[in-house]
Structure formats: structure tokens, C-alpha cells
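The structure appears right after this line, and notes come after that.
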Amino acid sequence: MLRRWRLAILSALCGVLIAAAKVNDGSSWGAVILLLAFLGLAVALSPGVFPRPERAADALRDGRPVVYWRPGCPFCLRLRARLGPEAARLHWVDIWQDPEGAAAVRAITGGDETVPTVVIAGEGFVNPDPSWLRDRIAAVS
């Protein structure tokens, strides 16, 4: 569980330490700005930004597209942000929580755990363009 939050906690901790150094130097506004920036980064890197993760076995049941992701992945974050509300129409499987999901990604990518990996109608796509995926979601629905 801690592994999923590691980058978010590290970002927040760095922000606090740098802000404390700025306050020591007498720059309280600089400290506030840096602290907010690092806390924003911590939120962006946290697993809380993504929809509730599902198990791979459950996600494959209804035929909706499945996105395999992991916390801290900038490409996963970009995909999630660019999909916007459309992201709720997908199943999201955290490969760090679900060994079956990690195995599925390795099978698609030839042994790597490259994410995001999207499965639509049984076909896998590694790090797809968000606009392309949005079009495919509309076509499936």
C-alpha cells in the first residue's frame, strides 16, 4: 500500500523541507508558493487522482475498455487528465495492486510492465494517444 503513495509522500516532504528553508531565509511568500506547487505535484502523483482501481478479472467481464496503470506514471496521469469525464467509462486496473493485471500487461508488451496499456475488444495498445482513445471509446459505446 505504501508503495503506491511513495512518490506523492516524497513530493510533499520535499515541498515542506524546501518551504522551511525559504522561511528560514525570510521569504515567506516564496515558501508558500513552493509548498503549494509541491503539494499540487503530490496530489497529481497520488493514486487518488484515478478512479477506484479494479481487479483485472472483474474489469474484463462487461466488455468496456480496460486501462492498466500504476501510481506515479506520468503517462498514465496525462491519459487520465486528457480523457476528462470519459475516464469514468473505462475500467482502471492498478498493476501494483493486481498481479493478474501486471501479468496481462507483460503478455501484451512482451515482458515489460509498460503503462498505460489499454485493452479494447481484446486488443492491447501501449501508451495510446488520449484523443485516439477518446474516439475509440465513442465508437465502442
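Every number in this text was worked out from the coordinates using simple rules, so none of it is lab data. Remember, predicted model here, so these are calculated numbers, not experimental data. Quick reminder, even Gly has a Cβ in these numbers, built from the backbone with ideal geometry, and neighbours come from all protein chains shown.
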Extension reserve of the ARG6-ALA121 stretch, reckoned as 0.36 nm per residue once the Cα distance is removed:
38.1 nm
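Would you mind ranking GLU113, GLU123, GLU54 by Cβ crowding within 10 Å, fewest neighbours first?
Working: GLU113 15, GLU123 8, GLU54 19.
Ascending Cβ contact count within 10 Å gives the list GLU123, GLU113, GLU54.
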Check: the chain dipole with +1 on Lys, Arg Cβ and -1 on Asp, Glu Cβ, in debye
240 debye
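As a test, work out the antiparallel percent of DSSP beta bridges whose residues both lie in the range 50-140, rounded to the nearest 5. Walk me through the intermediate numbers first.
Numbers: 7 of 11 bridges.
In the range 50-140, approximately 65 percent of DSSP beta bridges are antiparallel ones.
Charges at C-beta only: +1 for Lys and Arg, -1 for Asp and Glu. How large is the resulting dipole of the range 74-113 about its Cα centre, in Debye rounded to 20?
Values: 5 positive and 6 negative charges, 56 e Å.
It comes to approximately 260 debye.
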What residue among PRO71, PRO53, PRO85 has the largest mean-square fluctuation in a Gaussian network model of the chain, using Cα springs under 10 Å?
PRO85
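If the chain between GLU100 and CYS14 were fully stretched, how many nm would it gain, using 0.36 nm times the residue separation less the Cα-Cα distance? Can you show the working numbers first?
On the way: separation 86, 0.36 × 86 = 30.96 nm, distance 3.38 nm.
Answer, rounded to one decimal: 27.6 nm.
Using mean Cβ contacts within 10 Å as the protection proxy, how do 96-104, 30-38 order, highest first? Intermediate results must be reported in sequence, preceding the final value.
Working: 96-104: 18.1, 30-38: 16.0.
Ranking the peptides 96-104, 30-38 by packing returns 96-104, 30-38.
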Go through the cysteines of the chain and tell me which have no other cysteine Cβ under 4.7 Å away.
CYS14
Any residue on another chain or 5+ positions along whose placed amide H is under 5 Å from the amide H of TRP96 is listed here as none
State which helices in the chain qualify, where a helix is a whole DSSP H run, it must extend 20 Å or more along its own axis by its Cα atoms, and its mean Kyte-Doolittle hydropathy must be at least -0.5.
2-24, 28-45
So for the pair ARG78, ASP129, with labels modelled 7 Å out along Cα→Cβ, what separation do we get in nm?
1.2 nm
